[in-house]
Amino acid sequence: MTKTPLFTGGVSRRGVLKGASALGGAALLGPMGARMARAQPTQGGVLRIGQAHGSTTDSLDPGSWENDFMILQAHTRNNFLTEIMPDGTLRPEIAESWEASADAAEWVFTIRSGVQYHSGRTVTAEDVIASINHHRGEDSTSAAKPIVEGITEMRADGMNVIFTLESGNADFPFIMSDYHLPILPSTDGAIDPMTTDGCGPYRLDDLEFGVSATYSRHDGYWKDNAAYFDGVEQIAIHDAAARQNALISGQVDYIDTVDLNTVHLMQRAPGINVLSITGSQHYGLPMDTREAPFSDNNVRQALKYAIDRQQLVDTILNGYGSVGNDHPISPGQRFFNTELEQKTFDPDRSRYYLQQAGLDSLDVDIHLADAAFAGAIDAGVLYSETAAQAGINLNVVREPNDGYWSNVWMQKPFCGTYWGGRPTEDWMFATAYSEGAAWNESYWSNERFNELLIEARAELNEDLRREMYFEMQDLVANDGGTIIPMFAAYVGAYSDALAHNDQIASNWRNDGHRISERWWFA
Amino acid sequence: MSHIWKMVFKRLGLGFLTLFIVSLLIFLATELLPGDFAQEFLGQSATPETVAAIRRQLGLDLPMHIRYIQWLAGVLHGDFGTSLANHRPVIDLIGGRLGNTLFLALYAAAIAVPLSLMLGILAALFRNSFFDRFVNASALTSISFPEFFVAYILIFWLAGMGGMFPSMANFRGDPNFLDMLYRTFLPAITLTLVVTAHMMRMTRAAIINLLASPYIEMARLKGMTPMRVIVRHALPNALAPIINVIALNLAYLITGVVVVEVVFVYPGLGQLMVDSVAARDMPVVQAVALIFAAAYVLLNLTADVLATLSNPRLVHRR
Amino acid sequence: MGPLIVLLWAVAVIAACLVAGWLFRTVAIVATPHTIKRELRTAPLTASFGMLVIVIYIFVAIFAPLIAPFPEREIVGPEYMPWDHIHLLGTDNLGRDMLSRLIFGARNTVGIAFVTTALAFLIGAILGLLAATVGGWLDQILSRVVDVLMAIPALIFSLLLLTIFGTSIPTLILVIAVIDSTRVFRLARSVALNIVVMDYIEAAKLRGEGLWRLITREILPNALAPLVAEFGLRFCFVFLAISALSFLGLGLQPPMADWGSMVKENATLISFGDITPLLPAGAIALLTVSVNFVVDWQLHRASGLKE
């Protein structure tokens, strides 16, 4: 069962109206309204981006995009129905506006007219349907299949696209901003997933998977005051030292990932700025709650109090991040629980919970690889040191990076994971914590939580909604199966020659992966 | 000489057998790896349904032996198939990278082989002198550093801020030959440092091993200069092990340099192989493995032919 | 630092090493029984220094828990502490004492490297000599098997095998030893081939000497020199193999310290001129140079050259 519960909630009439007006309000600000320019951006130059990811086995098929190289490519070449702004609000992109039915089960998106592809064709409503359809259906191999599964029908009506959902969902426009869902040209109701065409700010000139991609500006781009570079180059530089050297010696202008071991030295290099954005990216250690000893919440609590979160933030993240509280909602989000007690390293409490579980000591293996998150093995080593003080013998098993996500994650009872986070509380909880979700890593099943999730999706009263999300965070933190010790910042670096807006998006790396259209050369 | 030709043909035949067994071994090993293409391709986003759909569409749900036979049949018809991941023909994916790999290997070999022969001969000539010890100690020090570390040090010295050489060795923008040599200078020097010690020490050891032989004594007694004794009398008889080690190192330069490729962002075959193994992209893995194996077989054959030619007793072996 | 000062330092260090070597040889000659004494007298200063280093490494490896000021895995302070009188070499990326890690690293690294190399030579040399002596179908089969194994790049092959079989220490040793033994096999076989066609081997065969005796008494002694030279290098290649594997995300289980992985963990610091990663790399280099100095001495003795 992989059906995502995103669309299963009932949404009341008032909730939709309110949600729609709030979203509509963001839309009314206009394309540039939310942006506060620090200096007058100038046109010109070629932006060279060094990236830590990118594989020779990447593919142009949007359903396969999973690493930062391809996701940045997606936002450089393409546009989406909606766009998440640096401040976290949603605004229309290829859609000009949207409107929901009273029960939020039917959504009408009006497509912006006159938007041109690089090939010269114009974006149509049929293109939008074909682009989404690519991820649906029995034969879909798309990673985005679970998030569009709730759509039961799509039809075009002039420049309108009407989506019918299985059940109401107030967050539907947010989902349309997902990086798997670019708008691509279609013929006979189907897109060619291998096309290099797009309607985004830059035309793709050349792409060698795992090596580099080059772009030139799309002169017919519809947005004003965007896409200031004449061209963009993406270069995959996997090695941390090579990446830093490339920036310091001026072979690239921006690198998307900095080795946290040496970030303090990087900061001292002249002409280099370190960019640290804390958002919803978090690292976790999921336990399989179906299996002993993790099936006992006392054991889970004991393990949660045996980890020194501050030490992990200081050492593994070198201070570039913040401590987590075993739930995936970040302090910047709307319904972050401010009243929840922050867990700290407390060996006595850990021992207390062990006793509650009827144990004197505990022996567990934790299976980690740096594929789970950068520094995972070191984090495990640090954790085992503090756990020992609580009478827990935590044995770190180093797993190969190769095959980690298929062989260890969600297979071994105690392992590591990372999440880029999701723009809404509902999306995050539904993806990884609700019962039956494909990526419920801890196989956690809490009746109260599952009820609240559906209820909150439908609730329109902000205060009541806040209360519900507060309780859900409490449940995830104190009953859930995932230890979330830290929120990791996105740490990149760029040369003095580059300039950006005051606010930088925190939903993804690289200014929401839209650096190509948001930044400029000073 | 017909003896040599017979040997070459026999060895080429055996070479094809080797390639066949290598392809079988690699196929089996990749099958044994945890996870298949569908799971690795989707990674953290995999769901049972999408994994099943991928397997169905690419024929991965067929039994193992059928997939291997299909692949083999294709290769025998000259068709290496397309990448499972991005549906590009394997030949296209490999083409440019093979050129890059050979270019760097030849570049490094052109520096390393003459250098190590020369140093080896000189070290044998001045054995146990300060020069000998110094050359030995430096060569040994350079190979005791891991490749990536040698690369980092070279980058720090020669490519850092305002450095003389680029730390990224790519061929974007169609450089001319000199420019290519310039851009790949650092990786070539790194590889030179990595392989020189091995060849140099074998040259030295093989020569010294012969110096006590009666015929060398004889040559020396006739009043030949030590240099002449080594080059004219010792070296030809010491060639077999030296050629052997050179062939091994050349094969290494073609097949084993993935770490150097990663550090210098050089698009060669090693990176392609590692990525494809990680993604379980079988057609690509197989094709690269075959290229590596063929390179090894050919170099090996050349080494054996040369070694045989260098020793008349082997040519006329009963 | 000007080049002159660097040169002066280098000269001073070399001189100190040679003096240490001389002292060691003098003490060793006094302390050992007669037969060994005579051999030791022929050792040049470089070889003496090499032996001194090897003895120190073995001592450190055996008595690591007694010598190391802190435990191998304990976090004793913040990460990357500078050198001071408590933490002589500072702390590593997790705040563990660098000197202690280096000392424990000697145990793991040297132990693993020695066992692996010895195993590789046992397998490779025996089979190689056998193949060359017996010839015929045995030679054909063994050579073809080795050809196949060698035709797969070592690093990628070990990556495959270790991913399949896991990275416990015995598997690590076995995988690297088997892959290395193919190289030894080739060398042993090719050297022995040249010896097998010598007249004295023909004579021994005519005398009716058994196969085992032929190999150990007649062929091995004459093939020993290149094999010994190879041993010195293969030994060092094992460190490098482990280091390269840890570069690709495989290697020893944490929190065990080994020099190869320690270089990897701290390597990026070198880009900023920080010499921390030079410590484990230097430890490997010193041992490699020392082992090979001793090997050179033995090589020289084996060659029978008198000068």
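The values are calculated or read from the model by the stated rules, or taken from the named source; none is laboratory data. Predicted model only: the values in this text are computed from it and were never measured. Positions of Cβ are generated from backbone atoms using ideal geometry, with glycine treated the same way; all protein chains shown enter the neighbour counts. Surface accessibility is based on the protein's heavy atoms, side chains included, excluding ligands, DNA and RNA. Shrake-Rupley method; radii C 1.70, N 1.55, O 1.52, S 1.80 Å.
Taken over segment B:257-278, the residue count meeting the criterion of being of a type in the set (Gly, Ala, Ser) and open to solvent by 10 Å² or more (accessible area, probe 1.4 Å) is 1.
Only one of the numbered conditions (1) more than 20 Å from the chain's Cα centre (by Cα); (2) away from chain A (no Cβ under 12 Å); (3) among the aliphatic types (A, V, I, L, M) is not met by residue C:285, and that is (1).
Among C:42, C:91, C:35, which is open to solvent by 50 Å² or more (accessible area, probe 1.4 Å), over 26 Å from the mean Cα position of the chain (by Cα) and hydroxyl-bearing (Ser, Thr, Tyr)?
Values: C:42 fails: over 26 Å from the mean Cα position of the chain (by Cα); C:91 fails: open to solvent by 50 Å² or more (accessible area, probe 1.4 Å).
After applying the criteria, what remains is C:35.
If you go through segment C:248-260 and keep only what is surrounded by 24 or more Cβ atoms within 10 Å (Cβ to Cβ) and not aliphatic (A, V, I, L, M), you end up with C:251, C:258, C:259, C:260. Can you find a residue that is surrounded by fewer than 23 Cβ atoms within 10 Å (Cβ to Cβ) and under 19 Å from residue A:84 (Cβ atoms) anywhere in segment A:458-474? No; the residues of segment A:458-474 include none that is surrounded by fewer than 23 Cβ atoms within 10 Å (Cβ to Cβ) and under 19 Å from residue A:84 (Cβ atoms).
Candidates are the residues of segment B:243-264 that are at pLDDT below 90 and not in a helix (DSSP H, G or I); the one that is nearest to the chain's Cα centre (by Cα) is B:256. The residues of segment A:125-142 that are in contact (Cβ under 8 Å) with a residue 60 or more places away in the chain and more than 20 Å from residue A:76 (Cα to Cα), listed by number, are A:126, A:129, A:130, A:134, A:135, A:140, A:141, A:142.
Checked against (1) crowded, with 24+ Cβ neighbours inside 10 Å; (2) free of Cβ contacts under 8 Å to residues at least 40 places away in the same chain; (3) farther than 25 Å from residue A:259 by Cα, residue C:223 meets all criteria but (2).
Scanning segment C:172-211 for residues that are closer than 17 Å to residue C:139 by Cβ and surrounded by fewer than 18 Cβ atoms within 10 Å (Cβ to Cβ) turns up C:197, C:205, C:211. Of all residues in segment B:52-78, those that are open to solvent by less than 90 Å² (accessible area, probe 1.4 Å) and either charged (D, E, K, R) or touching a helix residue (DSSP H, G or I) at 6+ places or on another chain (Cβ under 9 Å) (or both) total 15.
When you scan segment A:420-428, do you find a residue that is in contact (Cβ under 8 Å) with a residue 24 or more places away in the chain, at positive phi and surrounded by 20 or more Cβ atoms within 10 Å (Cβ to Cβ), even just one?
To start, the set of residues in segment A:420-428 that are in contact (Cβ under 8 Å) with a residue 24 or more places away in the chain comprises A:420-428.
Now narrow it down to the ones that are at positive phi: A:421.
Still in the running and surrounded by 20 or more Cβ atoms within 10 Å (Cβ to Cβ): A:421.
Yes: one or more hits.
So is residue C:271 out of contact with any Asp or Glu (no Cβ under 7 Å at 6 or more places or on another chain), within 11 Å of chain A (Cβ to nearest Cβ) and part of a helix (DSSP H, G or I) or not? Considered against the rule, which asks whether it is out of contact with any Asp or Glu (no Cβ under 7 Å at 6 or more places or on another chain), within 11 Å of chain A (Cβ to nearest Cβ) and part of a helix (DSSP H, G or I), residue C:271 comes out as yes. Across segment B:148-183, the number of residues qualifying as more than 7 Å from every other protein chain (Cβ to nearest Cβ) and farther than 18 Å from residue A:252 by Cα comes to 13. When you look at residue B:219, is it surrounded by 15 or more Cβ atoms within 10 Å (Cβ to Cβ), more than 9 Å from chain C (Cβ to nearest Cβ), more than 21 Å from residue A:238 (Cα to Cα) and modelled with pLDDT under 90, yes or no? When the stated conditions are applied, residue B:219 passes them. Looking at the structure I just gave you, is residue B:108 in a helix (DSSP H, G or I), open to solvent by less than 60 Å² (accessible area, probe 1.4 Å) and within 14 Å of chain A (Cβ to nearest Cβ)? Taking the combined requirement at face value, the residue does not satisfy it. Restricting attention to segment A:178-198 and to residues that are closer than 26 Å to residue A:252 by Cα and surrounded by 20 or more Cβ atoms within 10 Å (Cβ to Cβ), the residue that is farthest from the chain's Cα centre (by Cα) turns out to be A:198. For segment C:234-263, a residue qualifies if it is assigned to a loop (DSSP other than H, G, I, E, B) and within 10 Å of chain A (Cβ to nearest Cβ), and the qualifying residues are C:248, C:249, C:250, C:251, C:252, C:253, C:254, C:255, C:256. Identify, by number, the condition in (1) over 22 Å from residue A:421 (Cα atoms); (2) open to solvent by 30 Å² or more (accessible area, probe 1.4 Å) that residue A:495 doesn't meet. Only one criterion is unmet by residue A:495, namely (2).
Highlighted here are the helices (runs of 4 or more DSSP H) found entirely within segment B:34-105 that include at least 1 residues which are acidic (Asp, Glu): B:37-42, B:48-58. Scanning segment A:292-329 for residues that are assigned to a loop (DSSP other than H, G, I, E, B), under 25 Å from residue A:446 (Cα atoms) and either open to solvent by 30 Å² or more (accessible area, probe 1.4 Å) or at pLDDT below 90 (or both) yields A:292, A:293, A:295, A:296.
Within segment A:342-392, the set of residues being of a type in the set (S, T, N, Q), open to solvent by less than 30 Å² (accessible area, probe 1.4 Å) and more than 26 Å from residue A:281 (Cβ to Cβ) comprises A:350 only.
Applying the set (1) outside any helix (DSSP H, G or I); (2) farther than 30 Å from residue A:383 by Cα to residue C:276 leaves exactly one unmet item: (2). Please find, within segment B:118-143, the residue that is farthest from the other protein chains (Cβ to nearest Cβ) out of those that are in a helix (DSSP H, G or I) and either of a type in the set (Ser, Thr, Tyr) or surrounded by fewer than 17 Cβ atoms within 10 Å (Cβ to Cβ) (or both). This residue is B:118.
Exactly one residue out of A:289, A:196 is assigned to a loop (DSSP other than H, G, I, E, B) and within 14 Å of another protein chain (Cβ to nearest Cβ): that is A:196.
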